[in-house]
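**Student:** Submitted below is the structure of interest, expressed as structure tokens.
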Amino acid sequence: MAVSNDKPAYGINLSTINIEYGSAGRKFSIETSWNNIHIDEDIDQNAMAMKVTFLDATDIYNKIDFDGTELLNIKFSTLGDREVDAQFRIYQTDIHPDPEGGSAKGVTLYGVSEEHFLSAVTDINQSYREDISSFAQIVFDKLNKKYRYGKKTKKLIRHETTGRNVTIIPGMTPFESMDFLASRAYDSSYRSSAFKFFETFDGYHFANIERLIAENKKDAIEYLQIQDAKTQEPQWNHIEALNFEVAKDSMHKIKSGMYASEAHEIDLINQKVVTSSFLLGDNFDEYEHLDKDAMSLESKVFILNSLQNINTSYWLFRNIGTTEKETNFVDIIPRRMYYLSALEQVKMSAILPGNSNLSPGKIINLNMLEQTAKTDNKQQEGKITGNYFITSVAHIITREKYMCQVSGCKESYRSNVKNKFKNIVSKRKS
């Protein structure tokens, strides 16, 4: 995604930061007294969270007398990017000495999205027979009907699902219900059906990870490795720090059955067993891959010799007399297991200059150069370069600069190594 190089690195426009309190909605600005802001978006968390520290020179802490009904409002953006307009319910406060050694006290506020509170005091007792995406909207709408301390009603951005289901939600909270529905959601267009329920600055998402990858990779934001940090002026798209987690070892992959598994459904009415199998060697092209020319993480030889033996099986029971328009769960389980497991294999974390556009579900492209004993100049690294799916973003704002701590993953390598035919190379056209 092309962005002007004129955008300053680490810059931010923080237009609003205040505490809203009392039945009249009074507001106290901490624009001149805050010293640290930390906001977390995470695809594995249902709601966003924040932590803000400020210097309390006017004893506002005792004047407000925090009781769990207060709100923290914040608006900020980076040049030319979206404006973040967020509100958090304050659930905890800490007092500590002035970090600068002065006589005033420091205060830290902890908050979460209002829906997190509302979900904790709401029960869902309901049965349904319809597509899961529509039922997810029904569950989410129940949160908007509850009394709200805040005024920022949020939307649910949802991906459509295929088929209908007969299910009872017995006394779960809305957030628990959404996670339950995500585990049962099916999309015939994206075989993994890897649905997640999470929140970003854009709203709440009931989304298929594979579809997010398919839709967002064309707009991947490119980040470059700094070649000489001492002399090179930092740019908005430079990588300040980069780390990769150690992937699962070969023995774990063999034992876990992550690349070869099957599910069996026992049909109690019709007295038969339906089986669905997954083998990486046969099914690699079924999926949406992050890079245009993707190849499997393992070689063809290793897959053939060690990863084609099915030693993981799942058993399901069907006691409904008809399968008309019903979700085919026996087909979902082994394929979802593979895709989510593959995304756990190559994981990275990076410190980047602040960018208010970054959120879980977006794609970034890592462009890294390296020079070896066999090359005369720096060339693009062969495997770990390419697109990464963002799983979490920590927005860290201080008086000096705005940074993003980003975690991401990928389920395949780029096929730009010398012997790319050693592995399975995707022929899928997006």
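The values are calculated or read from the model by the stated rules, or taken from the named source; none is laboratory data. As the structure is a prediction and not an experimental result, all values here were calculated from the model. All Cβ positions, glycine included, derive from the backbone under ideal geometry; neighbour counts span all protein chains shown. Heads up: the accessible areas ignore ligands, DNA and RNA and are worked out on the full protein's heavy atoms, side chains in. Shrake-Rupley method; radii C 1.70, N 1.55, O 1.52, S 1.80 Å.
**Student:** Explain nothing, just compute: Karplus ³J(HN,Hα) = 6.51 cos²θ - 1.76 cosθ + 1.60, θ = phi - 60°, for every residue of segment 117-134 in order, whole Hz, x for Gly and Pro.
**Tutor:** Going residue by residue, I get 5, 4, 5, 5, 10, 10, 10, 10, 10, 7, 9, 8, 9, 6, 5, 5, 4, 5 Hz, with x marking Gly and Pro.
**Student:** Which residue, Asn46, Asn416, Asn387, has the most motion in a Gaussian network model of the chain that connects Cα atoms within less than 10 Å?
**Tutor:** Taking springs between Cα atoms under 10 Å, the residue moving most is Asn416.
**Student:** Let's test the formula: R0 of 56 Å, r as the Cβ-Cβ distance of Ala247 and Thr153. What FRET efficiency results, to the nearest 0.05?
**Tutor:** 0.85
**Student:** Tell me the net charge near Asp42. Cut-off is 12 Å between Cβ atoms, Asp42 excluded, with +1 for each Lys or Arg and -1 for each Asp or Glu.
**Tutor:** Spelling it out: positives minus negatives among the neighbours equals -3.
**Student:** Taking amide H positions as placed in the peptide plane 1.01 Å from N, state which residues far from Tyr91 in sequence (5 or more) or on other chains have amide H under 5 Å from it.
**Tutor:** Under 5 Å from the amide H of Tyr91: Tyr110, Gly111, Val112.
**Student:** Per residue, how much accessible area does the chain have with a 1.4 Å probe, in Å²?
**Tutor:** 47 Å²
**Student:** Which distance in nm do the two modelled labels at Ser103 and Glu215 give, with both placed 7 Å along the Cα-to-Cβ direction?
**Tutor:** Each label point is offset 7 Å from its Cα along the Cβ direction, giving 5.7 nm.
**Student:** Need one number: nm distance between label points at Val301 and Leu340, each 7 Å from Cα along Cα→Cβ, rounded to one decimal.
**Tutor:** 3.4 nm
**Student:** May I ask you to order 80-87, 350-357 by the average number of other C-beta atoms within 10 Å around their residues, highest value first?
**Tutor:** Listed from highest to lowest mean packing, they are 350-357, 80-87.
**Student:** If the limit is 22 Å between Cα atoms, which of Lys217/Lys383; Lys253/Lys347; Lys218/Lys401; Lys7/Lys27; Lys217/Lys427; Lys7/Lys401 go over it?
**Tutor:** Lys218/Lys401; Lys7/Lys27
**Student:** Follow-up. Using a simple spin-label model with points 7 Å from Cα along the Cα→Cβ vector, what separation in nm is obtained for Ile168 and Asn36?
**Tutor:** Here the modelled spin labels are 5.0 nm apart.
**Student:** Turning to a different aspect of this structure: Report the per residue volume, in Å³, of the convex hull enclosing the C-alpha atoms of segment 1-83.
**Tutor:** 135 Å³
**Student:** In addition: What number do you get for segment 165-247 when its Cα radius of gyration is normalised by 2.2 N^0.38 Å, N = residues?
**Tutor:** Dividing the Cα radius of gyration by 2.2 N^0.38 Å gives 1.64.
**Student:** Right, here's the next one. Grab the beta carbon distance between Ser23 and Ser127, set R0 = 51 Å, and tell me the FRET efficiency rounded to 0.05.
**Tutor:** Approximately 0.85, to the nearest 0.05.
**Student:** Would you work out if the chain is rounded, prolate or oblate? Take a ≥ b ≥ c from the square roots of the eigenvalues of the alpha-carbon gyration tensor; rounded if a/c is under 1.5, else prolate when a/b is larger than b/c, oblate otherwise.
**Tutor:** It is oblate, given that a/c is not under 1.5 and a/b is not larger than b/c.
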